[in-house]
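The structure under discussion appears below in the form of structure tokens.
The values are calculated or read from the model by the stated rules, or taken from the named source; none is laboratory data. Please read all numbers here as calculations on a predicted model, not as lab measurements. Virtual Cβ from ideal backbone geometry, glycine too; neighbours counted across all protein chains shown. What goes into the accessible areas is simple: the full protein's heavy atoms, side chains included, and nothing from ligands, DNA or RNA. Shrake-Rupley method; radii C 1.70, N 1.55, O 1.52, S 1.80 Å.
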Amino acid sequence: MNVSHPRPEAEIAPPSSLYASRVRVYPKAVDGPVRRIKWLVLALCLAIYYALPWLRWNRGPNAPHQAVLLDMWNERFYFFSVELWPQDIWFLAGLLALGAVTLFLITSLFGRLWCGYSCPQTVWTDLFMLVERKIEGDRNERIRRDRGPLTFDKAGRKIVKHVAWLFIAFWTGGAWVMYFVDAPTVVREFWTGHAATSVYVFTFLLTAMTYLLAGWAREQVCTYMCPWPRFQSAMLDENTFIVTYEAWRGEPRGHGKRLGGHETTALGDCVDCQACVHVCPTGIDIRDGVQLECISCGLCIDACNHVMAKTGSTPWLITWDTLARQESKKSGVNPSLGLLRPRTLIYLGVLTIGVIVLASGLMMRATIGLSVAHDRAPLYARLEDGGLRNGYTLGVINKTLRPAEFELRVVGLPDAKLILSEISPEAKPTALIAMPADSVRDLRVLVQAKPDHSQVGRENFDFVLKNRETGATAIYHAVFMEPHQS
């Protein structure tokens, strides 16, 4: 009998781990034109985000005065002079689609420019890292302190940093809530304890999310959580401007003094100082080529230019350029930009058509609305004079910001009369409806007629609603039920 013996422990291959521990990134501060542009964009984005809910916009006596407000309770979205109703959801869907196409166009032209400059994750992470540097110091000081033992100084700085982070996160969450309720009102109610429970819940929920994503997760959001890097390669090509390393000029890299004048050296311009890696917020080496983690912030450009100035080499060893242009420069050719190509022209065409369609739809959208529901039972009632009566529930909408008088009539049903019991019990060919500004009104309507009896047991007709001041009209195709004729 053959007996199998276990392999010695040394011969058994250890199982490969599917999880890699996080390598903490300590980005170093850098100054330069790219960093200053990023500070400017950051300040602009934060100013818009925090100040916009406080901007006032006069819409009249019966409308909110907040310039941008998504009023969930009253089912309205206000954006300066534009007011959208639930019936206008197509417009919001169109805006989201245009935003996606715009992002596709920008990515195909300039890579992940959105990610590096105006993505909320980038903006708030930049802000949190600025606070961290002010309290704990720059890269080397933070590394040295984190590797050292726990001291009162270390603990104190950590506590102050996290308190500052929570303060920023709290006002970030609170500002987001202000886009859904009136800002001055909700701030007053919040601090006096009279705000709705949902206000407190969402404020603290958004506070926690901002604190965790911008303070703790940081580059992990861009690398693992965000889907955008996964399919950005479908929009990039050799003519897309990206942050790239001029390997043809920098290699072979190495330490040592570069020679000037007519003397030559075997080394390229790259001194392998790791400055580009130390300032990268995701901790990658741009010299390795296009990578999923790169957000195209360009901070490595500023870091490298500082080193090039010290070594006396030509700046922009790391630069914004296309792969096609880099290949041409390597051969000594000065290529064209190549911005207009089939991919970008398609995106631009779709974007142009979409803007025209949305703008036309917004300008031509109705300011008056009408919906009709026929009574389920009874379908009809017979009158003493031999006529028939059908009951309907009408939903009348006035989308204007001023009161209006609407006229309701029936077309396609001979000698039909209307009874609106809430207004008048008298049967009339037309009915006048007083509508408050920016409102919806449900009305019970009875339609009396003596139709020509059809074999199908129903006759088609139209409810016609008209604004007597502006002439705007809404038409609803309805049916008048009657007995079947054998």
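Looking only at the stretch 306-336, count how many residues are farther than 10 Å from Thr244 by Cα, hydroxyl-bearing (Ser, Thr, Tyr) and open to solvent by less than 70 Å² (accessible area, probe 1.4 Å). Summing the residues that are farther than 10 Å from Thr244 by Cα, hydroxyl-bearing (Ser, Thr, Tyr) and open to solvent by less than 70 Å² (accessible area, probe 1.4 Å) in the stretch 306-336 gives 3. Could you please let me know if Gly354 is in contact (Cβ under 8 Å) with a residue 60 or more places away in the chain, part of a loop (DSSP other than H, G, I, E, B) and either polar (S, T, N, Q) or surrounded by 15 or more Cβ atoms within 10 Å (Cβ to Cβ) (or both)? No: the conditions fail for Gly354.
For the stretch 137-165, name all the residues that are closer than 24 Å to Cys45 by Cβ and open to solvent by 80 Å² or more (accessible area, probe 1.4 Å). Scanning the stretch 137-165 gives a single hit, Val163. Test Ala214 against the criterion of being within 30 Å of Val30 (Cβ to Cβ), within 24 Å of the chain's Cα centre (by Cα), small (Gly, Ala, Ser) and part of a helix (DSSP H, G or I), and give yes or no. Yes, satisfied.
Checking each residue in the stretch 277-292 for being open to solvent by 20 Å² or more (accessible area, probe 1.4 Å), of a type in the set (A, V, I, L, M) and under 21 Å from Phe110 (Cβ atoms) picks out Val290, Leu292.
Let's see how each residue does on (1) under 20 Å from Ser439 (Cβ atoms); (2) touching a helix residue (DSSP H, G or I) at 6+ places or on another chain (Cβ under 7 Å):
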{"site": "Val23", "(1), (2)": "no, no"}
{"site": "Lys38", "(1), (2)": "no, yes"}
{"site": "Val41", "(1), (2)": "no, yes"}
{"site": "Trp57", "(1), (2)": "yes, no"}
{"site": "His65", "(1), (2)": "yes, no"}
{"site": "Tyr78", "(1), (2)": "yes, no"}
{"site": "Phe91", "(1), (2)": "no, yes"}
{"site": "Val101", "(1), (2)": "no, yes"}
{"site": "Gly116", "(1), (2)": "no, yes"}
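Quick one: count up the residues across the stretch 26-79 that are small (Gly, Ala, Ser), modelled with pLDDT of 95 or more and surrounded by 13 or more Cβ atoms within 10 Å (Cβ to Cβ).
Result for the stretch 26-79: 3.
One residue stands out among those in the stretch 12-25 that are of a type outside the set (Gly, Ala, Ser) and open to solvent by less than 100 Å² (accessible area, probe 1.4 Å): the one that is modelled with the lowest pLDDT, which is Ile12. Taking the criterion of being free of Cβ contacts under 8 Å to residues at least 40 places away in the same chain and of a type in the set (S, T, N, Q), the residues of the stretch 149-195 that qualify are Thr151, Thr185, Thr192. Does the stretch 183-199 contain any residue that is aliphatic (A, V, I, L, M), within 30 Å of Ala324 (Cα to Cα) and in contact with a Phe, Trp or Tyr (Cβ under 7 Å, 6 or more places away or on another chain)? No - not one qualifying residue is present in the stretch 183-199.
Just to be sure I understand, how many residues within the stretch 195-211 are surrounded by fewer than 18 Cβ atoms within 10 Å (Cβ to Cβ) and assigned to a helix (DSSP H, G or I)? Qualifying residue count, the stretch 195-211: 9. Restricting the stretch 257-276 to residues that are open to solvent by 30 Å² or more (accessible area, probe 1.4 Å) and either closer than 19 Å to Tyr26 by Cα or in contact with a helix residue (DSSP H, G or I) (Cβ under 6 Å, 6 or more places away or on another chain) (or both) leaves a set whose member that is modelled with the lowest pLDDT is Arg258. Taking residues in the stretch 26-52 that are on the phi > 0 side of the Ramachandran plot, and partners anywhere that are at pLDDT below 95 and hydroxyl-bearing (Ser, Thr, Tyr), not one pair has Cβ atoms closer than 6 Å while being at least 6 places apart or on different chains.
Of all residues in the stretch 279-310, those being of a type outside the set (Gly, Ala, Ser) and either within 14 Å of Glu219 (Cα to Cα) or free of Cβ contacts under 8 Å to residues at least 40 places away in the same chain (or both) number 17. Of the set (1) under 29 Å from Ile143 (Cβ atoms); (2) surrounded by fewer than 16 Cβ atoms within 10 Å (Cβ to Cβ); (3) within 31 Å of the chain's Cα centre (by Cα), all apply to Ile295 but (2). Taking strands (runs of 3 or more DSSP E) as the structural unit, those lying wholly within the stretch 382-486 and holding at least 1 residues that are acidic (Asp, Glu) and surrounded by fewer than 16 Cβ atoms within 10 Å (Cβ to Cβ) correspond to 404-411, 424-428, 439-449, 458-467.
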